[in-house]
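Visitor: Supplied in structure tokens, the structure appears directly below.
Nothing in this text is a laboratory measurement; each read-out follows from the coordinates by a stated rule. Being a predicted model, the structure only gives us computed values, none of them experimental. Here the Cβ positions follow ideal geometry from the backbone for every residue, glycine too, while neighbour counts run over all protein chains shown.
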Amino acid sequence: MTTPVRVRFAPSPTGYLHIGGARTALFNWLFARRNNGVFILRIEDTDRTRSTDEYILAIMDGMTWLKLDWEEGPYRQTDRFDTYRSFAERLIQEGKAYYCTCSPEELEERRQQALALGKSPMYAGRCRELLLKPAAPAAVRFRMPREGQTVVQDMIKGPIVFDNSVLEDMVILRSDGTPTYNFVVVVDDIDMKITHVIRGDDHVNNTPKQIHIYKAFGWEVPQCAHLPMILGADKTRLSKRHGATSVTAYRDMGYLPDALVNYLVRLGWSFGDQEIFTRDELIQHFSLENIGESAAVFNPEKLLWLNGQYIINSSPESLAEAVLPYLKRDGTVAEDAQADMAWLGKAAYSLRERSKTLVEMATQMKYYIADEIAIDPKAQEKHLKSESLQLLAEIRILIEEAPDVSAAAIESLVHAMATTKGMKLGALAQPLRVALTGGTASPGIFEVIEIMGKELVMKRLAKVIGG
RNA sequence: GGUCCCAUCGUCUAGUGGCCUAGGACGUGGCCCUCUCAAGGCUAAAACACGGGUUCGACUCCCGUUGGGACUACCA
């Protein structure tokens, strides 16, 4: 009987859910699902000046959109300050932590001096042996061992060895009594019985410090797995200057959550040559062993391709659902309109191979829906000359008199007309396309006619031909 | 500066000592299909950072160099 897997995603609410955070959340979620474990959301808001409720909501919104559901939480660390203080108190009692009255200004000054001398800027331990009593403005520092080594057994990178001499006596309680990150993480992970800590590898240097806190309390250290970073095209850590980095920005740009998840999971994880996975396949195949060890560059073009693949493989029903919000956002469909979802599905489905995003799809759908369309001047110039207009007039009569405007029916009519005139189909199809869609690119023109319906087609032709 | 991590096509990656004249995917070029644009099919160019070992044999193991990244707060 093994202990049940419990993992957590622990973002700090100082910004929206970004690409890197989303991938960390995703890997935790996948690991939990794969192992029938529990996925916990914990908000690390001990920095009260930078954390906001708005960001907490935004993070949850992002996770919900990506369909990363959690069993427990969101826990908020600001709700747990009493717990942290009592734990810290215990450390002080046992001499494992001590009061420090050095002011931030002094510390900064000493750091600069050390740096100028080419020495390590870490806290030298001035108050370490003073056995100070709790004075008004005093921080509490953890007493790190000065000798020996600490080994982090990382599930992705293998053993990582640190000399204890490089470990700083870090502050665990600020002088205002609030706890700091490296301390609360450990208290919470134990309190929440976390079995596996899966996080970004920007935390590896924190890990040996945290290990000593576990030990100070006599606790067992969870398994840890440090994920490689996600980089921008310039190979520096992905940030705002690399363009869109928040998850919701991708929603706004018309990406499907499953596509983003698929892209993110393949950034650092692989399963042979497979590129596209269903959620179930992901859960089934996911394992920490298949995670790479090197940082990965975020490639928007591959994400775009994947999104296109997901759109192509979507059903008409799900496309209708997915694209509707964008149609409303554009004002193509009225906010309060009762949409004909079956028709919408058919229209969206016709554009699935031509839309890399839902935004592109919604844009193209305008010509199926709008009363008036703008005609591209270049297209008009090329395809709507007077001879073309005459042909269109003939086609207009053909369609007018047609008992049904199914793609097949109209196609055979127009084909026959082309044959009679000894013309190529394109000579008829292109003017028709420009007249109906306003441009030179669209789905098969007969499919377009079927979807538009006779009334709208007649209207568009009348507009172009005149009369 | 110190500590730690990393190193296969431009990018994501497969590869766990011989299966590699290094495979797949995105992107790029060409061809095919075709009423347009796509989608799709076929195809081409494109990589084991470098130097030492270990071994009968290294992309794979070890060491070093170089390069990149992260951390180095009373931020998380």
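Visitor: Put +1 on the Cβ of each Lys and Arg and -1 on the Cβ of each Asp and Glu in chain A; which of A:VAL152, A:ILE465, A:GLY95 then has its Cα farthest toward the positive end of the dipole?
Guide: My answer, from the dipole projection, is A:GLY95.
Visitor: Report the trypsin sites (Lys or Arg not before Pro) located in the stretch A:71-147 that are in a DSSP loop and have at most 11 other Cβ atoms inside 10 Å of their Cβ, or state none.
Guide: Passing sites in the stretch A:71-147 are A:LYS119.
Visitor: Relative contact order for the stretch A:202-303 using alpha-carbon pairs under 8 Å, separation at least 6, rounded to a whole percent?
Guide: Once divided by the residue count of the stretch A:202-303, the mean separation gives 35 percent.
Visitor: Please determine, in degrees from 0 to 90 and to the nearest 10, the orientation of helix A:316-330 with respect to the longest principal axis defined by the Cα atoms of chain A, where the helix direction is its Cα long axis.
Guide: That works out to roughly 80 degrees.
Visitor: A further question on this structure: For chain A, what is the calculated [θ] at 222 nm in deg cm²/dmol (nearest 500), taking -39500 (n - 2.57) for each run of four or more DSSP H residues and dividing by its residue count?
Guide: After summing the helix terms and dividing by residue count, I get -14500 deg cm²/dmol.
Visitor: Tell me which of A:SER51, A:ILE19, A:LEU30 sits at the most positive position along the dipole axis of the stretch A:13-53, charges placed on C-beta atoms (Lys, Arg +1; Asp, Glu -1).
Guide: The residue sitting farthest along the positive end of the dipole is A:LEU30.
Visitor: Ok, one more. In terms of the Cα gyration tensor, with a ≥ b ≥ c the square roots of its eigenvalues, is the stretch A:1-107 rounded because a/c is under 1.5, prolate because a/b exceeds b/c, or oblate?
Guide: oblate
Visitor: Taking GluC sites (Glu not before Pro) that fall in a DSSP loop and have at most 10 other Cβ atoms within 10 Å as cut points, what is the longest piece of chain A between them?
Guide: So the longest stretch without any such site is A:1-128.
Visitor: Charges at C-beta only: +1 for Lys and Arg, -1 for Asp and Glu. How large is the resulting dipole of the stretch A:294-342 about its Cα centre, in Debye rounded to 20?
Guide: The dipole of the stretch A:294-342 has a size of about 280 debye.
Visitor: Can you sort A:LEU167, A:LEU344 from fewest to most other Cβ atoms within 10 Å of each residue's own Cβ?
Guide: A:LEU167, A:LEU344
Visitor: Given the Cα-Cα distance of A:LYS193 and A:PHE217 and 0.36 nm per residue of separation, how much length would full extension add, in nm?
Guide: In short, 7.2 nm is gained.
Visitor: Now, a different point. Can you give the Rg/Rh ratio of the stretch A:104-153, where Rg is from the C-alpha atoms and Rh is the Kirkwood radius?
Guide: 1.04
Visitor: Please give the contour-minus-distance gain from A:SER318 to A:THR420: 0.36 nm per residue of separation, less the Cα-Cα distance, rounded to one decimal in nm.
Guide: Contour length minus Cα-Cα distance gives 32.5 nm.
Visitor: Checking the a/c ratio against 1.5 first, then a/b against b/c, what shape does the Cα gyration tensor give for the stretch A:285-428?
Guide: prolate
Visitor: So what are the three principal axis dimensions of chain A from its Cα atoms, in whole Å, longest to shortest?
Guide: 102, 50, 42
Visitor: Cβ under 12 Å from A:ALA435's Cβ, A:ALA435 left aside: what net charge do those residues give with Lys, Arg +1 and Asp, Glu -1?
Guide: After counting each charged neighbour, the total is +4.
Visitor: Summing Lys, Arg as +1 and Asp, Glu as -1, what charge do residues with Cβ under 12 Å from the Cβ of A:PRO325 carry, A:PRO325 excluded?
Guide: -1
Visitor: Shifting gears a bit: Hey, got a sec? Which trypsin sites (Lys or Arg not before Pro) in the stretch A:173-230 land in a DSSP loop and have at most 12 other Cβ atoms within 10 Å?
Guide: A:LYS193
Visitor: Going by how many other beta carbons lie within 10 Å of each one, how would you line up A:LEU288, A:LEU351, fewest first?
Guide: Listing A:LEU288, A:LEU351 from fewest to most nearby Cβ atoms yields A:LEU288, A:LEU351.
Visitor: What distance in nm separates the simple spin-label points at A:GLN309 and A:ALA408, each placed 7 Å from Cα in the Cβ direction?
Guide: Output for this residue pair reads 3.4 nm.
Visitor: What's the magnitude of the charge dipole for the stretch A:331-383 around its Cα centre, counting Lys and Arg as +1 and Asp and Glu as -1 at the beta-carbon? Answer in Debye, nearest 20.
Guide: 360 debye
Visitor: Does the stretch A:211-289 come out rounded, prolate or oblate by the C-alpha gyration tensor, with a ≥ b ≥ c the root eigenvalues, rounded set by a/c under 1.5 and, if not, prolate when a/b is larger than b/c and oblate if not?
Guide: It is oblate, given that a/c is not under 1.5 and a/b is not larger than b/c.
Visitor: Still on this model: Let me spell out the model: positive unit charges on the Cβ of Lys and Arg, negative unit charges on the Cβ of Asp and Glu, origin at the Cα centre of chain A. What dipole size does that give, in debye rounded to 20?
Guide: That gives chain A a dipole magnitude of about 1000 debye.
Visitor: Just checking chain A: which Cys have no other cysteine's beta-carbon under 4.7 Å?
Guide: So far as the 4.7 Å Cβ criterion goes, A:CYS102, A:CYS224 stand without a partner in chain A.
Visitor: Consider just the alpha-carbon atoms of the stretch A:18-174 and return their Rg together with their Dmax, both in angstrom.
Guide: Just the Cα atoms of the stretch A:18-174 yield Rg and Dmax of 19.8, 53 Å.
Visitor: To continue, here is another question. If you add up the charges near A:THR178, with Lys and Arg at +1 and Asp and Glu at -1, over every other residue whose beta carbon is less than 10 angstrom from its beta carbon, what do you get?
Guide: +1
Visitor: For the stretch A:322-467, what relative contact order do you get, as a whole percent, if you take Cα pairs closer than 8 Å and at least 6 residues apart?
Guide: It rounds to 28 percent for the stretch A:322-467.
Visitor: Restricting to Cα pairs below 8 Å that are 6+ residues apart, what does the relative contact order work out to for chain A? Please round to a whole percent.
Guide: The normalised contact order for chain A reaches 12 percent.
Visitor: Moving to a separate point now. Alpha carbons only, please: Rg and Dmax for the stretch A:124-218, in angstrom.
Guide: Expressed in Å, the Cα Rg and Dmax of the stretch A:124-218 come to 14.4, 44.
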